[in-house]
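For reference, the structure discussed in these notes is given below.
Just so it is clear, none of the values below were taken in a lab; they were calculated from the coordinates. Just so you know, these numbers come straight off a predicted model, no measurement behind them. Backbone-built Cβ (ideal geometry, glycine too); neighbour counts: all protein chains shown.
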Amino acid sequence: MSAIKTHDLTKKFKNLTAVDRLNIEIEKGELFGMLGPNGAGKTTTIKMLGTLIKPTSGTAVVWGHNVLTEKDEVRSNIGIVFQDPSLDIRLTGAENLDFHARMYGLSKEKRKKRIKEVLDLVELTEHAKTLVIKYSGGMKRRLEIARGLMHFPHVLFLDEPTLGLDPQTRRRIWDYIKKMTSEEEVTAIITTHYMDEADFLCDRIAIIDFGKIVALDNSKNLKQAVGADVISLQIGDGEEKFLELLKGVDWVQKITEHDGLIDLNVQQGETKIPEIVSLAQKAGIRIKSVNLREPTLEDVFLKYTGRTIRQEEGGAKSLMKERVRSVERRR
């Protein structure tokens, strides 16, 4: 039995399709990532799988239970770490955990034992009696992960688990998540728009755009599908002319334009840079900068969507407007 299986899972809000016929199967014990920009439908998917909102059509089975007809059974088998903070800052760390455990009917002895276990896991034992209002952002996130584990869930949803945290704290959270899935034997589903997070943590990654999965595989295979190397060029003048020249070069596998750059997918990129520079010089075209790198998940997203993942604060609003315009164009 899979931990999660969906069939044409769909959610519409008036004319906007937030999640569009999602079909995924997640194995028990898997650390599964959903990577995409703000507004791509990741959180909506989590809410449907967690029975917080009802699908418009399609269905899903979580730990053997249907999200439409067996909501209570689904909820007893899952934990959710929400994107937005949901701790009671007027309680201590231990009190937050104790309250959560009481909601799930854990006995006093079991609560006491479990609180110690999960606080040890996220290294907050010394702060158990500290009011949450005094916690740092990273400490609060760790406590939320601990709370999500209190009732021994089989499946844990982590919605943007490191959003707004500094790089050092983010890396520590990653370590806790890895440790959690190993020691607790939990199936974890992580939504994120951080490529390095998905790359480091996830066994498999579903890249989501406009509510659809555009690519699904492990990180290595996704990046290999792009090509061996990526050469990024910034051209001074004559960009269109240079693009026409590059289209006639047989060893250039793919050409992509974005953010004022030209990306070339090639094999053995370090040997091709001199040839590119020579080609530009002969055509009287000035190259302002050249960068060589191995493919990243950003390149994968670019390959399948034609743009990069937007991480700006206003990304969600701009993407939502773009999706609405797209719907209106199709009507």
- Straight-line reach from K14: which lysines have a Cα under 25 Å away, not including same-chain ones fewer than 8 places off? K42, K47, K54, K71, K212, K317, K321
- Query: How large is the dipole of the chain about the Cα centre if only Lys and Arg carry +1 and Asp and Glu carry -1, each at its Cβ, rounded to the nearest 20 debye?
  - Reply: 1180 debye
- Message: Quick check: net charge around T56, other residues with Cβ under 12 Å of its Cβ, Lys/Arg +1 and Asp/Glu -1?
- Response: +3
- Only Cα pairs under 8 Å and at least 6 apart count here; give the relative contact order of the stretch 4-222 as a rounded whole percent. 30 percent
- With springs only between Cα atoms under 10 Å, which of K272, K11, K54 fluctuates most in a Gaussian network model of the chain? K272
- Message: Only four residue types carry charge here, +1 at the Cβ of Lys and Arg and -1 at the Cβ of Asp and Glu. Report the dipole size of the stretch 1-147 about the Cα centre in Debye, rounded to the nearest 20.
- Response: 420 debye
- Calculated [θ] (222 nm, deg cm²/dmol) that DSSP helices of n ≥ 4 give over the chain, each run adding -39,500 (n - 2.57): -12000 deg cm²/dmol
- Query: If you add up the charges near D8, with Lys and Arg at +1 and Asp and Glu at -1, over every other residue whose beta carbon is less than 12 angstrom from its beta carbon, what do you get?
  - Reply: +3
- Query: Which entries of K179/K220; K28/K220; K28/K129 show an alpha-carbon separation above 28 angstrom in the structure shown?
  - Reply: K28/K129
